[in-house]
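The values are calculated or read from the model by the stated rules, or taken from the named source; none is laboratory data. Just so it is clear, the structure is predicted and the values come from calculations on it, not from any experiment. Quick reminder, even Gly has a Cβ in these numbers, built from the backbone with ideal geometry, and neighbours come from all protein chains shown. The protein model used for the area step is the full one, side chains on, heavy atoms only, and it has no ligands, DNA or RNA in it. Shrake-Rupley method; radii C 1.70, N 1.55, O 1.52, S 1.80 Å.
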Amino acid sequence: MKRKALIKNPSKLNLFVDLVMALAFVTVMELRFTGLQIHELLGLAIAVAFLTHIILHWRWVVSVTLRFFKQLFHESRLNYVLNLALFVDLFIATLSGIVISRTLGLDFGSFERALPWERLHTLTADFSLMLVALHVALHWKWIVSHSKKYLFNFHLPRPKARNLDTQPVPVATSSQNVSAS
Amino acid sequence: MAAQRKTTPIRGIIIFVVLVIISGIGLYATNNFDNPLSAVTGLFSLGAGGGQERGARPDGDFAEGTRPERGGGGDFDERVGENGSVNWSQFGEVLFNVWFIAAVTAVLIVVQQTFSFFTRWMRQRSPRVATT
């Protein structure tokens, strides 16, 4: 039932996916906090969640890509460039993380020595914190409005529309009757 | 019916900014405050083979080729934290990441609000063209 409600309401689903992603992201950034095994598993989970996030926003990606070189609202353009940078950064961070992984049981042989993967992983991960922070900052209005709506909605439900039918019909004043006639 | 004016949640913004400042001071006082800009300088010096990383990364301490083998355990695992368990003494670092995201958001909100305030002020001051 709840799952159906989430699918019917993509904004709610977006908010929960983003919230989980954000929490996982700030946690996975600290290797000393999680330990290597959790760090690597959580990193992979974030990569999957990141792809889900893109799929959920696919319409926006396509529409802005098609209009990018035409006239476009400046904030969307800035968003697009930032998101592209974030995508590239997280892609490199994930790829380098998989290559240098110790607990996933993968062996890349000579490919592991082809590039300074460890340094690349650390730098892209640190840089991603800045890009994610900017990404969150640019969407603060959306986050505030949706959090109010779906997370902190403690208000009593509004009266339903059918209740309005029982309201007394306003009676026209004498002046209105004169103007009407 | 009077048109409803779009209002900005100024009170909420002020509370948020104050919370970010206070928590920043708290993180600094508890020695959990790193310079996030060091990652940028590190990125630019990547080609030169240098680069300073944000915080003291345990995996950054290893020279090329001296990183322990897969599943080797030992010193590396001790410094990183036990595999499969969370090292709660490092929780401040996680809070720093949360704080950093909040701080960037706070800066952007303040800049955005200040800019829109001055834009409105300039518009109000500029003489209106009389329409006949």
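Take every pair of alpha-carbon atoms less than 8 Å apart whose residues are at least six positions apart; their mean separation over the length of the stretch A:50-132 yields a relative contact order of 30 percent.
Once backbone amide H atoms are built at 1.01 Å from N, A:GLY35 has B:ASN87 as its partners under 5 Å, excluding neighbours fewer than 5 places away on the same chain.
A Förster radius of 25 Å combined with the Cβ-Cβ distance from A:ALA114 to A:LEU44 puts the calculated FRET efficiency at roughly 0.70. Here the spin labels are modelled as points 7 Å beyond Cα on the Cα-Cβ line, and at B:TRP88 and A:LEU19 they lie 2.4 nm apart. Across the stretch B:114-122, rounded Karplus estimates of 3J(HN,Hα) from the backbone phi angles (6.51 cos²θ - 1.76 cosθ + 1.60, θ = phi - 60°) give 5, 4, 5, 5, 5, 4, 5, 5, 5 Hz, Gly and Pro being marked x. With a Förster radius of 35 Å applied to the C-beta separation of A:THR103 and B:ILE21, the computed FRET efficiency comes to 0.35.
Taking all protein chains together and rolling a 1.4 Å probe, A:LYS141 ends up with roughly 130 Å² accessible.
Between B:VAL107 and B:ARG125, the contour length at 0.36 nm per residue exceeds the Cα-Cα span by 3.8 nm.
The chymotrypsin sites (Phe, Trp or Tyr not before Pro) found in the stretch A:24-99 that occupy coil by DSSP, while having at most 14 further C-beta atoms within 10 Å, are A:PHE68, A:PHE69, A:PHE73. The HN-Hα couplings worked out from phi for the stretch A:88-94 by the Karplus form 6.51 cos²θ - 1.76 cosθ + 1.60 (θ = phi - 60°) are 4, 4, 5, 5, 5, 4, 5 Hz, whole numbers, x standing for Gly and Pro. Computed extension gain for A:ILE54 through A:LEU95, at 0.36 nm per residue and net of the alpha carbon distance, reaches 13.0 nm. Remark: accessible surface ordering of A:THR27, A:THR124 (largest first) is A:THR27, A:THR124, probe radius 1.4 Å. For the stretch A:120-134, backbone phi angles converted through the Karplus equation (6.51, -1.76, 1.60; θ = phi - 60°) give residue-by-residue couplings of 4, 5, 5, 5, 5, 5, 5, 5, 5, 4, 5, 5, 5, 4, 5 Hz, Gly and Pro being listed as x.
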